[in-house]
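Inspection log for the structure reproduced underneath, given as structure tokens.
The values are calculated or read from the model by the stated rules, or taken from the named source; none is laboratory data. Given the structure is predicted, the values throughout are model-derived calculations rather than measurements. When we count neighbours, we look across all protein chains shown, and the Cβ atoms used for this are built from the backbone with ideal geometry, even at glycine. With ligands, DNA and RNA removed, areas are computed over all heavy atoms of the protein, side chains included. Shrake-Rupley method; radii C 1.70, N 1.55, O 1.52, S 1.80 Å.
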Amino acid sequence: QVQLVESGGGLVQAGGSLRLSCAASGNIFSNNRMGWYRQAPGKQRESVATITSADKTNYADSVKGRFTISRDNAKNTVYLQMNSLKPEDTGVYYCTLVMGRQYWGQGTQVTVSS
């Protein structure tokens with residue numbers, strides 16, 4: 001059984017920074033893709049950033065240049081460094097792990113005040 005546990009969300013003013021972490025546990029294959037999605041109130045869940053086990057990254061256009069995704073394969077942990085936060089970045093951020101199927105964390109709230 002795979003479990004994803006997120007941490008690091010919170011309330012921050014516009015222009016501020018937050019760092020999200022997600023630790024995966026269970027039977028984790030070495031070849032996988034981890035990432036972050038977010039869901040704002042009344043909107044669909046959208047991909048924010050993903051990273052493969054070979055460190056290939058992909059970002060949503062809206063966060064390019066502001067967010068950085070990274071991972072520690074030894075710890076099965078993925079991070080999302082979020083800088084220059086905007087109110088439109090507000091939402092619940094979900095960690096995801098893809099290896100054959102997609103696994104989801106419970107989500108962590110990020111609120112950016114103007």
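Here are some notes:
- Screening residue 48 against (1) in contact with a Ser or Thr (Cβ under 8 Å, 6 or more places away or on another chain); (2) in a strand (DSSP E or B) leaves a single unmet condition, (1).
- Residue identified as closer than 19 Å to residue 4 by Cβ and in contact with a Pro (Cβ under 9 Å, 6 or more places away or on another chain) among 107, 91, 100: 91
- Within segment 70-81, not a single residue is among the basic types (Lys, Arg), at pLDDT 95 or above and open to solvent by 60 Å² or more (accessible area, probe 1.4 Å).
- Scanning segment 17-43 for residues that are open to solvent by less than 50 Å² (accessible area, probe 1.4 Å) and more than 18 Å from residue 58 (Cα to Cα) yields 18, 23, 24, 28, 40.
- Taking the numbered list (1) more than 26 Å from residue 2 (Cβ to Cβ); (2) out of contact with any Leu (no Cβ under 9 Å at 6 or more places or on another chain); (3) in a loop (DSSP other than H, G, I, E, B) in turn, residue 54 passes all entries but (1).
- Pairs with Cβ under 6 Å, 6+ apart, first in segment 84-97 and open to solvent by less than 30 Å² (accessible area, probe 1.4 Å), second among the acidic types (Asp, Glu): 95/6
- For the residues 16, 65, 42, the requirement of being out of contact with any strand residue (DSSP E or B) (no Cβ under 9 Å at 6 or more places or on another chain) and assigned to a loop (DSSP other than H, G, I, E, B) singles out 42.
- No other residue among 93, 103, 59 is touching a Ser or Thr at 6+ places or on another chain (Cβ under 6 Å) and hydroxyl-bearing (Ser, Thr, Tyr) apart from 93.
- Only one entry in 46, 6 is of a type in the set (D, E, K, R) and open to solvent by 70 Å² or more (accessible area, probe 1.4 Å), namely 46.
- Some residue of segment 21-39 being out of contact with any His (no Cβ under 7 Å at 6 or more places or on another chain) and free of Cβ contacts under 8 Å to residues at least 40 places away in the same chain: yes
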